[in-house]
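What follows is a short report on a single structure.
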Amino acid sequence: MMKTRAELDAELIARVAEDEDFRALFLENPKEVIQEVTGVAIPEDFTIHVHEEDSMTAHVVLPPSDRLTQEDLAAVAGGFGAFWG
């Protein structure tokens, strides 16, 4: 059974907290580590950013916006052009 994103995140965070070598590898190449842990290949064009917090830095991750960009709207715009001559 495939793990949820939250389960995978929790597993990775627990493991990097206890294993410095694993932490270094995860920071260097998260795609490779995730593939080894899950057996699922991460597509080449998919980006994963790993951030380390410290006592003076916090990171907040926002979910994707459900609003369409101008490019999205242009791609799905219907209708047709007509020449009325």
Quiz prompt | Residue selected from segment 1-42 under the condition assigned to a helix (DSSP H, G or I) and more than 22 Å from E53 (Cβ to Cβ), by the criterion least open to solvent (accessible area, probe 1.4 Å) | solution = T38
Exercise. Would you please list the contacts, defined by Cβ atoms under 9 Å and residues six or more apart or on different chains, that run from a residue in segment 40-68 that is on the phi < 0 side of the Ramachandran plot to a residue that is surrounded by 10 or more Cβ atoms within 10 Å (Cβ to Cβ) and of a type in the set (F, W, Y)?
Key: V50/F26
Quiz item: Going by the conditions given, is D54 among the charged types (D, E, K, R) and at pLDDT 80 or above?
Solution: yes
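The values are calculated or read from the model by the stated rules, or taken from the named source; none is laboratory data. From a predicted model like this one, the values you see are computed outputs, not experimental measurements. Positions of Cβ are backbone-derived with ideal geometry, glycine not excepted, and every protein chain shown enters the neighbour counts. The accessibility values were calculated without ligands, DNA or RNA, using every heavy atom of the protein model including side chains. Shrake-Rupley method; radii C 1.70, N 1.55, O 1.52, S 1.80 Å.
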